[in-house]
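Student: Got a structure here, written out as structure tokens. Questions coming.
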Amino acid sequence: MRRRHKQARRGKYCMRRKGRETLIEQDTVKLLRECDAGVRMGTDSIHGVLEFVSAQPLRDALRSCEQEHRQLGREIRSALQRFGDDGKAPNPIAEKMSWLKSSVKLALHESDHTIADLMTDGCNMGVKSLSRYLNQYAAADEDSKAIAGRLIRLEEKLSEDMRAYL
């Protein structure tokens with residue numbers, strides 16, 4: 001038995017055999033995996049700079065955002081488990097480059113300004129990547145798109161909160 005489903009990217013219909021993943025399922029899992037990698041990268045980055053923070057309001061904002069990232073990460077992994085997927089770790093090269101940049105900048109000038117600058121750069125990269133993935137995986141289900149949107153808004157809010165320390 002063959003079924004038809006709309007292929008959102010090209011506006012055409014394509015045939016799939018019954019039992020195979022549909023384009024919607026594929027794009028949903030891919031989008032959730034990218035969100036998972038992004039939320040892990042964000043959580044790790046925030047955790048990595050907390051010990052260097054001087055201003056208590058900055059520390060509070062970072063801790064709050066870290067907790068929101070962790071909560072969203074649990075939701076993402078729960079959604080991925082429904083598809084039988086374990087999630088995605090951040091790209092190891094991106095992780096090492098981020099760690100190296102943070103370490104060097106903080107070693108040269110350990111300040112709240114430097115931390116805010118690092119966090120702002122990370123948030124901007126996250127928003128850019130997630131927005132690209134939302135466009136790339138347009139056939140993903142609405143729930144996964146909403147999760148990606150929440151993560152984007154979380155990154156945008158943190159970036160905005162960092163402005164006072166730049």
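Read-outs throughout are calculated quantities, based only on the coordinates presented, and are distinct from any laboratory measurement. Here the structure is a predicted model, which means the values were calculated and not measured. Please note: Cβ atoms are built from the backbone with ideal geometry, for glycine as well, and neighbour counts cover all protein chains shown.
Student: Along region 52-62, what does the Karplus equation 6.51 cos²θ - 1.76 cosθ + 1.60 (θ = phi - 60°) give for ³J(HN,Hα), rounded to whole Hz, x for Gly and Pro?
Tutor: 9, 6, 9, 6, 4, x, 5, 4, 5, 5, 5
Student: Counting each pair of different Cα atoms once, what's the Kirkwood radius of region 54-118 in Å, rounded to one decimal?
Tutor: Every distinct Cα pair counted, the radius reaches 14.2 Å.
Student: In sequence order, what are the phi-derived ³J(HN,Hα) couplings for region 115-125 according to the Karplus relation 6.51 cos²θ - 1.76 cosθ + 1.60 with θ = phi - 60°, rounded to whole Hz, with x for glycine and proline?
Tutor: Residue by residue, region 115-125 yields 5, 4, 5, 4, 5, 4, 4, x, 4, 4, 5 Hz.
Student: Go ahead and estimate [θ] at 222 nm for the chain from helices alone: -39,500 (n - 2.57) per DSSP H run with n ≥ 4, summed, over the residue count, rounded to 500.
Tutor: My calculation for the chain gives -25000 deg cm²/dmol from helical runs alone.
Student: Rounded to the nearest 20 debye, what is the charge dipole size of region 23-165 about its Cα centre when +1 sits on each Lys and Arg Cβ and -1 on each Asp and Glu Cβ?
Tutor: Charge dipole of region 23-165: 160 debye, to the nearest 20.
Student: Hey, fewest Cβ within 10 Å first, where do ASP121, ASP86 land in order?
Tutor: The most exposed by this proxy come first: ASP86, ASP121.
Student: Follow-up. Kirkwood Rh, the chain, all Cα pairs: how many Å?
Tutor: 17.1 Å
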